[in-house]
Amino acid sequence: MSQERSPTEASVRVKRGQSNESGVRVSPVDCNVTIGRSGDNTIVIDDQKVSRHHARIVFEQGRYQIEDVDSSNGTFIDGSRVNSRQNLDPEATITVGNAELAFQSAKPGQPSVPGVQIHPEERPMEVAAQQQSPQHTFVRKADRTAIAWLAILDGPDKGKRFDLGDKPVTIGRSSDNAFVIQDQSVSRHHSLLVHRNGKFVLCDAGSSVGTKVNDNLIAKQTLTAGNTLTVGDTDFTLVKFESQAVAQAGPDTRSNTVYGARPQAGVVLVAQTGPNAGNSFPLEEGINRLGRDPVSCTVLLDDESVGRNHCVLQLNEGTVTVHDLGSANGTFINGNRLTGKELTSQDTVTIGGTKMVFIAASSTDSLAA
């Protein structure tokens, strides 16, 4: 059985021959490298033995692959002719005509190619929730530009969160991943998460059981806030941070998302259903009023079945208690109509047609120097 490889960035460099590019870098998210004599290729080779459209490199089934595009003289990998789509080894020599190109990607146990690897000091922080297990908790220095969280809702690591920045991160069971998951049903190198143009893109890394978004198997998918990601028996949700400072600017700007404005105590509500699905709401120390009133409510919701002043969540040194304010439709915790109840991480709070997940993570500052 072949050893799993972590799908990270790769490079294609022209070793011999005349070309418009000395080399290119690619990632699983946007890998479609075409090689040929025509000017519309990614790498243009000035060689009459090279066809106008000669070969193509893609990322499929968790591996970089190459295929010949019906060229006249063929495509060769390490001296062997490519007859069908073929996996590329981490270090391979590609020959087209008289030109040679060097392909390089991660070797087993390496998170990326030289120059783009995730150094240990740059790995995102994995933060344990209220119940910490020393044998299952790996604390690493965080990326200083965290713009979102992956919060684990279910699975062996339930309650943990990972801070996300703009660097690609690998997810899996092996200790060389940026996000290490203590779940035996997760592959050693299971998925890759890349930040591109303000959006997060999730790629499966050829895992044995697949990667799901909202219960659908995916090869590659752009994520939105509030999506549920599943690897093995572990469920995550993607949380982007909405600044409480924005909330004070007025009702017209309340729904804007301000990246980098993280809740200091790591306490947040994530709306999963209703008009505000996907939005996240950090809770402030003290009284947090939920409802439709733009003047009095800290968490402003657009759900007409929610009262103007529906309920209060009181945050006191990490403990959160919910109190209904006599709303017509009530406040429900995990499906039960309650008030005056203390919340625990991953509890579901339902008001009107809006269901929110309460996430409480450690107050450890993952952006500290």
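Here is how the numbers come out for the structure above:
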quantity	calculated
Tally of residues being open to solvent by 20 Å² or more (accessible area, probe 1.4 Å), part of a loop (DSSP other than H, G, I, E, B) and more than 18 Å from Thr273 (Cα to Cα) across segment 334-344	4
Every pair of residues 6+ apart whose Cβ atoms lie under 9 Å, when the first sits in segment 21-35 and is farther than 13 Å from Glu67 by Cβ and at pLDDT below 80 while the second is open to solvent by 70 Å² or more (accessible area, probe 1.4 Å) and part of a loop (DSSP other than H, G, I, E, B)	Arg25/Gly115
Residue check, Gln104 of a type in the set (S, T, N, Q) and modelled with pLDDT under 75	no
Residues that are buried (at least 21 other Cβ atoms within 10 Å of the Cβ) and more than 23 Å from Thr344 (Cα to Cα), drawn from segment 273-308	Gly307
Selection count where residues are in a loop (DSSP other than H, G, I, E, B) and among the hydroxyl-bearing types (Ser, Thr, Tyr), scope segment 42-82	4
Tally, over segment 156-175, of residues that are of a type outside the set (Ser, Thr, Tyr) and open to solvent by 20 Å² or more (accessible area, probe 1.4 Å)	6
Every residue from segment 165-192 that is closer than 21 Å to Val26 by Cα and in contact with a strand residue (DSSP E or B) (Cβ under 6 Å, 6 or more places away or on another chain)	Asp166, Pro168, Val169, Thr170, Ile171, Asn177, Ala178, His189, His190, Ser191, Leu192
Segment 73-88 residues that are within 15 Å of Ala102 (Cα to Cα), paired with ones that are of a type outside the set (A, V, I, L, M, F, W, C) (beta carbon under 6 Å, 6 or more apart)	Thr75/Asp68; Phe76/Thr95; Asp78/Thr93; Asn87/Arg63; Asn87/Gln65; Leu88/Tyr64
Asp89, sole failed condition from (1) assigned to a strand (DSSP E or B); (2) at pLDDT below 90	(1)
Filter result for Thr137 (at pLDDT below 80, in contact with a Lys or Arg (Cβ under 8 Å, 6 or more places away or on another chain) and among the polar types (S, T, N, Q))	yes
Residues being out of contact with any His (no Cβ under 9 Å at 6 or more places or on another chain) and in contact (Cβ under 8 Å) with a residue 12 or more places away in the chain - total across segment 184-209	17
Tally, over segment 309-325, of residues that are assigned to a loop (DSSP other than H, G, I, E, B) and either touching a Cys at 6+ places or on another chain (Cβ under 9 Å) or open to solvent by less than 70 Å² (accessible area, probe 1.4 Å) (or both)	4
Residues satisfying the stated conditions in segment 29-83, i.e. open to solvent by 40 Å² or more (accessible area, probe 1.4 Å) and touching a Gly at 6+ places or on another chain (Cβ under 7 Å)	Lys49, Arg52, His53, Gln61, Arg63, Asp68, Asn73, Arg81
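Listed here are the residues, each with its yes/no results for (1) outside any loop (DSSP other than H, G, I, E, B); (2) within 16 Å of Val267 (Cβ to Cβ); (3) touching a helix residue (DSSP H, G or I) at 6+ places or on another chain (Cβ under 7 Å); (4) not hydrophobic (A, V, I, L, M, F, W, C).
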position	(1), (2), (3), (4)
Ala328	no, no, no, no
Phe332	yes, no, no, no
Gln346	no, yes, no, yes
Val349	yes, yes, no, no
Val357	yes, yes, no, no
Ala360	yes, yes, no, no
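The values are calculated or read from the model by the stated rules, or taken from the named source; none is laboratory data. Worth saying up front: this structure is predicted, and the values here are computed from it rather than measured. Note that each Cβ is placed from the backbone with ideal geometry, even for glycine, and that neighbours are counted across all protein chains shown. When the accessible area is computed, the model is the full protein with side chains, heavy atoms only, and any ligands, DNA or RNA have been set aside. Shrake-Rupley method; radii C 1.70, N 1.55, O 1.52, S 1.80 Å.
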